[in-house]
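Visitor: Got a structure for you, questions after.
Any read-out appearing in this document is the output of simple, stated calculations on the displayed coordinates, not a laboratory observation. This one's a predicted model, so the numbers in the text were calculated from it and none came from an experiment. Here Cβ is always computed from backbone atoms with ideal geometry, including for glycine, and neighbour counts include all displayed protein chains.
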Amino acid sequence: MNETFMLTALAISRKALPECLPNPPVGCVIVGTEKIVAKGYTRSPGKYHAEADALNQIQGKAFDCLKMYVTLEPCSFYGRTPSCALAIAEDPRIDEIYVSLVDPDPRNKGKGLDILRKAGKVVHLGLCTDEVNNFLNQYLFPE
Ligand SMILES: [Zn+2]
């Protein structure tokens, strides 16, 4: 089931191209009671990242124990848009986050995961890594 949700996030992430560039095309789904309640992907630069896009869709709605599946580590830094990791950390409805790949961008590189863990979220790293990497790798900054 977890794999199905991550592969759905991967499929959605393809919609981000080409408008998202130079940001990587990321996909995100939010799941409540084994059902997808929001689907997001990276919008054009300065607009929503995938996680913010998905969170926006459930804005003001009462949920708890939600799980988020995102193909790339949420950003920890404030760039053209606010940090996704902070937005997730501050959302009490999200309990668990499944992340496929660590973001190799030196501004992030594990810092996003740290923010989530410090906020008490359960973080699972490495779901569907091969499938996501095959698509996403070409759009990421080199190490
Ligand atoms: Zn972000």
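Visitor: What is the local net charge at T81, summed over the other residues whose Cβ is closer than 11 Å to its Cβ (Lys, Arg +1; Asp, Glu -1)?
Guide: After counting each charged neighbour, the total is +1.
Visitor: I've got another one for you. Can you give the calculated 222 nm mean residue ellipticity of the chain, where each DSSP H run of n ≥ 4 adds -39,500 (n - 2.57) and the sum is split over every residue, rounded to the nearest 500 deg cm²/dmol?
Guide: On the way: 5 runs with 42 residues, N = 143.
Taking each H run of at least 4 residues, the total per residue is -8000 deg cm²/dmol.
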